[in-house]
Amino acid sequence: GKYLLKSSPQYLGAMIRFESSLWSCWEKLPEAIRSGQPVRPPNMYQDDPTETEIFIKAMDSLVKARGDAEVVANAIDWNGMTELLDIGSGPASYPIAFCERFPNLHAKIFDLPGTLAITERYVREAGMTERIRLIAGDYRKDPIPGDYNLIFLSNIIHGESFEINRSLIRKLVANLKLGGQIVVKDHI
């Protein structure tokens with residue numbers, strides 16, 4: 001019941017629902033092999049708000065079920081950290097947890113507009129609208145405003161090419177305050 005009850009802090013149901021939605025993609029595997037093209041647009045579920053919400057809820061479910069935010073928070077030296085940027089934050093699971101734990105921390109989230117419509121609800125429900133700001137954009141092509149002590153990328157680089165990752169990291173270095181750091185947490 002720990003992972004399957006909605007009332008549990010480790011509820012994993014949203015991730016299970018998302019994984020089940022991927023079966024329609026796997027059914028089209030022969031088509032993808034023949035054409036060499038993806039069977040769904042690689043746009044982070046931005047076309048359909050219902051799909052966006054399923055994906056974002058899944059990401060939140062996974063982070064909370066595994067306790068990832070606490071693990072990451074314990075791995076970082078937060079001394080003097082006041083400005084955080086989370087790239088592709090989705091449900092804001094990490095910035096919310098970090099801001100709850102560190103009262104001097106303020107965060108900005110840079111993500112796609114369709115995602116931020118959902119992110120905003122998570123931030124509001126956590127009572128963090130004064131400390132977490134949302135910036136709409138595509139990190140692949142848009143400039144990223146601001147200067148930060150810490151820039152956080154969770155599960156971003158595994159889905160991008162070497163060239164996009166190199167370009168992104170170069171761009172983010174310009175957003176670091178003196179002594180700032182980029183923290184990458186990923187599946188790899």
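Table for the structure above
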quantity: Kirkwood hydrodynamic radius over Cα pairs of region 27-80, then Stokes diffusion coefficient at 10 °C and 1.306 mPa s, in µm²/s; calculated: 111
quantity: Theoretical ellipticity at 222 nm over the chain - DSSP helices of four or more residues, -39500 (n - 2.57) apiece, nearest 500; calculated: -12500 deg cm²/dmol
quantity: Nearest 10 degrees, 0 to 90: helix 113-125 Cα axis against the chain principal axis; calculated: 60
quantity: Global form of region 49-88, assessed from the alpha-carbon gyration tensor, a/c cut-off 1.5; calculated: oblate
quantity: Ordering of 53-66, 20-33 by burial proxy (mean other Cβ atoms within 10 Å per residue, highest first); calculated: 53-66, 20-33
quantity: Portion, in percent, of the accessible area of the chain that falls on carbon or sulfur, probe 1.4 Å; calculated: 56
quantity: Rounded to 10°, Cα long-axis angle of helix 162-173 versus longest principal axis of the chain; calculated: 20
quantity: Helix 49-66 axis, angle to the chain major axis (alpha carbon atoms, nearest 10°); calculated: 60
quantity: Convex hull (Cα only) mean projected area of region 74-188, reported in nm² to one decimal; calculated: 6.9
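The values are calculated or read from the model by the stated rules, or taken from the named source; none is laboratory data. Just so it is clear, the model here is predicted, and its values are computed rather than measured. Glycine gets a Cβ as well: all are built from the backbone with ideal geometry, and neighbour counts include every protein chain shown. To get the accessible areas, we keep the full protein, side chains included, count just its heavy atoms, and leave off ligands, DNA and RNA. Shrake-Rupley method; radii C 1.70, N 1.55, O 1.52, S 1.80 Å.
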